[in-house]
Amino acid sequence: MAKTQEPFDVGCPCCGALIKVDPATKAVIAHTAPVRPKTFNDFEEATRAMREQDVRRESLFQQSIENERNKADLMEKKFQEAVKRAKETPDSGKPLRDIDLG
């Protein structure tokens, strides 16, 4: 007694698309993409967003240039601090290992 099964719809959990599956062949027979909202309402808004991105990108670039200029000074200060800490805490000799405890 064979039943003719109707195709059924499944919603994709990742993208929200509607997928129609044939139960007999277990294959996708149709796909309906989800409706996506427009990113921008008009060209002026898109242009304004692009200009804001340009300004932000330029700001980040200038900041990275400034960081590169100060990199040598920062590394020197870190080195001097490490030398100072090394002088304050003298080496106590050979480090103690686990095998030395037993």
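Here, each number is a calculation from the coordinates, and none is a lab measurement. If you're wondering where the values come from, they're calculated on a predicted model, not measured in any experiment. Methodologically, a virtual Cβ is constructed for each residue, glycine included, from the backbone with ideal geometry; neighbour enumeration extends over all protein chains shown.
Things worth noting here:
- Seen from every direction in turn and averaged, the convex hull around the alpha carbons of segment 1-71 projects onto 9.4 nm².
- Selection from Pro90, Ala33, Val55, by position along the positive dipole direction of the chain (Cβ): Pro90
- Among Glu81, Glu58, Glu44, residue whose mean-square fluctuation peaks in a GNM of the chain (springs only between Cα atoms under 10 Å): Glu81
- Chymotrypsin sites (Phe, Trp or Tyr not before Pro) restricted to segment 13-91 and DSSP loop, no more than 13 other C-beta within 10 Å: Phe40
- With each label modelled as a point 7 angstrom along the Cα→C-beta vector, the Arg36-Lys94 pair spans 6.6 nm.
- Normalised by 2.2 N^0.38 Å, where N is the number of residues, the alpha-carbon radius of gyration of segment 39-102 equals 2.41.
- ³J(HN,Hα), Karplus 6.51/-1.76/1.60, whole Hz, each residue of segment 18-27, x for Gly, Pro: 9, 10, 9, 10, 8, x, 5, 9, 6, 10
- Each Lys and Arg contributes +1 and each Asp and Glu -1, all at the Cβ; summed about the Cα centre of the chain, the dipole is approximately 200 debye.
- Helix 43-88 and the long axis of the chain differ in direction by around 30°, with both axes built from C-alpha atoms.
- Note, ³J(HN,Hα) from phi for segment 35-42, Karplus 6.51, -1.76, 1.60, rounded to Hz, x at Gly and Pro: 7, 9, x, 5, 6, 10, 7, 8
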